[in-house]
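Encoded as structure tokens, the structure appears first; notes follow it.
What follows draws every value from the coordinates through simple rules; no lab data is involved. Nothing here was measured: the structure is a model prediction, and the numbers come from that model. So basically every Cβ, Gly included, is an ideal-geometry build from the backbone, and we count neighbours across all protein chains shown.
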Amino acid sequence: MSQIDDLPPLREVIERHGLQALKSLGQNFLLDLNLTARIARTAGRIDDLAVVEVGPGPGGLTRALLAVGAGRVVAVERDRRAIAALEEVAAHYPGRLDVIEGDALAIDTAALGDGPVAIVANLPYNIATPLLTGWLSAEPWPPRWRVMVLMFQKEVADRITAAPGDDAYGRLAVLTGWRAIATQMFDISPKAFVPPPKVTSTVVHFEPRPAPLPCRRESLEAVTAAAFGQRRKMLRQSLKALGVDVAALVESAGLDPTVRAETVPVAGFVALANAWDKLRGGRAPGG
Ligand SMILES: C[S@@+](CC[C@H](N)C(=O)[O-])C[C@H]1O[C@@H](n2cnc3c(N)ncnc32)[C@H](O)[C@@H]1O
């Protein structure tokens, strides 16, 4: 399939709107409509969801989302040059595409649209991690988003989906594993983009966990920051930064003080977060 709609080819759109890619905006455009359709289909059934897309650029993925049946797409794009190109797509799909010119970091993107949303994006690499941690940190939980399909540099995808014991296991994998089920779906070669980035990209599928293990997110972030701040050290050393009796903390969490952060599963960090709250006189949620 080389054509998913009868809009002009993306190369022509880029040329006509002067959309030469800017490095400062993390622009690597995906022009292969087979791939954009594959990404859109990875979200599953989206006809009854509003789809939030961050960084539509010339609109390749946007067009695929509309062509595979998204009821409505809300697209947030920072580059003013892309807005006219996206308005052409909106005119082709009357009432189904809202284009918002703005900075996705400054907008509560997950709150866009009515009711439940899907978030689907080929993210600008320079803000991909803060956007993801924002969506994973939504309060209250479960979040408005029902599914996310996001493209990252492969190295970042590995840090998101890493398991205990993997080199890439760290704070991002713990936050992700606590709140979501994240699965790497497929890689995309640099050759598929204009201009080609230096590294391979990976599409990751996220589903929110309906009932993450109870703990305060801020405490989970604090204990993982301390533990992975010195990832090669044993917990009895690395957790000193938390300012409580470390032996009591680790014992109360049911962990071995001689293990390193990189082998502790998500449930172990949740236990540490709750034990830390108790030692400081607070009440852990669920405790
Ligand atoms: C990797 S490109 C993806 C473009 C298009 N979705 C595609 O797949 O070809 C990232 C897009 O995000 C946009 N962008 C960069 N920073 C942004 C921000 N802070 N808020 C919204 N969009 C942003 C860029 O202008 C660019 O269009």
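The alpha-carbon of Lys198 sits under 15 angstrom from the alpha-carbons of these aspartates and glutamates, leaving out residues fewer than 8 places away in its chain: Glu155, Asp187. Charging the Cβ of each Asp and Glu at -1 and of each Lys and Arg at +1, and nothing else, the dipole of region 10-208 about its Cα centre rounds to 280 debye.
Here the spin labels are modelled as points 7 Å beyond Cα on the Cα-Cβ line, and at Gln237 and Asp48 they lie 5.4 nm apart. Residues whose amide H falls under 5 Å from that of Ile188, counting only those 5 or more places apart or on a different chain, are Ser201, Thr202, Val203, with hydrogens built in the peptide plane.
For the chain, the average shadow cast by the Cα convex hull is 15.1 nm², which is a quarter of the hull's surface. Extension gain, Thr263 to Lys191: 0.36 nm times the residue separation minus the Cα-Cα distance gives 22.3 nm.
The largest-to-smallest principal axis extents of the Cα set in region 155-281 are 54, 32, 19 Å. As a ratio to 2.2 N^0.38 Å, the alpha-carbon radius of gyration computed for region 227-287 takes the value 1.01. With 0.36 nm allotted per residue and the present C-alpha distance subtracted, the His92-Glu155 stretch has 19.0 nm of extension available.
Which is farthest toward the positive dipole end of the chain among Gly102, Phe206, Ala70, measuring Cα position about the Cα centre, with Cβ charges +1 (Lys, Arg) and -1 (Asp, Glu)? Checked the options; the winner is Phe206.
Of all DSSP-defined beta bridges confined to region 83-212, some 70% are antiparallel rather than parallel.
For Ile100, the amide hydrogen comes within under 5 Å of the amide hydrogens of Ala75, Val76, Glu77, counting only partners 5 or more places away or on other chains and with H modelled in the peptide plane. Normalised Debye scattering of region 1-118 at q = 0.09, 0.15, 0.20 Å⁻¹ gives log10 I(q)/I(0) of -0.21, -0.61, -1.13, counting only Cα atoms as equal scatterers and leaving out solvent.
Counting only DSSP beta bridges whose two residues both lie in the chain, roughly 45 percent are antiparallel. Label-to-label distance for Val244 and Asp108 is 3.0 nm, based on points extended 7 Å past Cα in the beta-carbon direction.
List the DSSP H helices in the chain whose Cα atoms stretch 27 Å or more along the helix axis and whose mean Kyte-Doolittle hydropathy is at least 0.5. Helices passing the filter in the chain: none found.
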